[in-house]
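The structure's right below; bear with me while I get my questions together.
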Amino acid sequence: MKELTSNYAGLILRNPVVAASSGLTSSAAKVKALVDAGCAAVVIKSLFEEQIDTLSQNVVSGGEYYPEAFDYVNHYIKGHEVQKHLDLIKQVKDENEVPIIASINCYHKGDWAEFAKNMEAAGADAIEVNIMRLEASLTADPAVVVEEYVNIVRSITTAVSLPVQVKISKEFSCPIALIARLKQAGAKGVTLFNRSYRMDIDVQREEITSGKVFTEPSDISDTLRYTGIVAAELSDFPVSASTGIHGSVCALKALLAGAQTVQMCSALYQNGVEQVTKTLEGIEAWMENKQYRAIDEFRGKLKATETDHALYSRMQFMRYFGNKE
């Protein structure tokens, strides 16, 4: 038996495979199936900030309300939806021995610090804060955006004693600097990366449509690049690699770059929970072939050290494209 122990934001896991937040983690039965397949931790499906707001607006939009009535209805709906989510966390935690990670998907500071406290009380072992927002305003100030991210995370980390891991987008000009700021704000790790809604345009119907939903193994490129850099620059800050993790080969790439854990989502939708078992078996078979006894013997072997940093930078870009005619 190989030693697969890994670290998620300070939580010691039996192996590096984590089920990412999705519809596959939205019920106790689904979570149990993932754990039985081998997942070392599960991130419960997020309750989205927009989801709560939209529910409130839909209920009150059909009639006229006094401001006091609107506030009451709004408060009731939010409380009801939040409680359903907390009940799920408690049930899943009671039925499984692996760490259960709650997920907050937000874009404003809002009430999420209080929500995080409730998640802690419900039994969550950690919280993943997924800050998902697209800056489309002509007046958006990048410095202000970064500060808002940091403030959201700080408001949550100061409200709970649970470890907080932050899931961010790769759409930043200086993601490493942002990650360093998030660490200073109290985060215990980072997930690279979340994915924004993919849009497309149907030229025959002349309308906006949904683009590709699931990732492919080739989507792992940026995940590997920034995992390797974070592992080198912030060696004590665990990275959970997400986006493009489709099996043991992808997982091994992320581990070699320095990831502590890998999060699977699209591969589970496409191939079922059995893909978790196959991924773990593939990792162990590779380790046996390479004569590794533990993941820590090769984890980060290809991170962006001073010697290998050029392979993560523009020099490698020039080498790659320089000979293309």
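Based on the alpha carbon coordinates of the stretch 163-214, what radius of gyration and maximum Cα-Cα distance (Dmax) apply, in Å?
When restricted to the Cα atoms of the stretch 163-214, Rg and Dmax are 16.2, 50 Å.
Still on this structure: So if I take the centroid of the Cα atoms in the stretch 201-271 and the same for the stretch 114-174, what is the distance between those two points in Å?
20 Å
Please report, in Å, the Rg and the Dmax of the stretch 157-269, where both are computed over Cα atoms only.
Taking only Cα atoms of the stretch 157-269, I get Rg and Dmax of 15.9, 53 Å.
Report the gain in length on full extension from ASN289 to GLU97: 0.36 nm times residue separation, minus Cα-Cα distance, nm rounded to one decimal.
Separation in residues times 0.36 nm, less the Cα-Cα distance, equals 66.0 nm.
A further question on this structure: Given the pairs LYS90/LYS212; LYS32/LYS253; LYS188/LYS301; LYS167/LYS278, which span a C-alpha to C-alpha distance of over 30 angstrom in this model?
Pairs exceeding 30 Å: LYS90/LYS212.
Arranged from highest to lowest average of other beta-carbon atoms within 10 Å per residue, in what order do the peptides 172-179, 154-161, 239-246 appear?
Highest to lowest by the protection proxy: 239-246, 154-161, 172-179.
Only the coordinates and a few stated rules stand behind these numbers; no lab work does. This is a predicted model, so every value here is computed, not measured. Cβ sites come from the backbone with ideal geometry, for glycine too, and all protein chains shown count toward neighbours.
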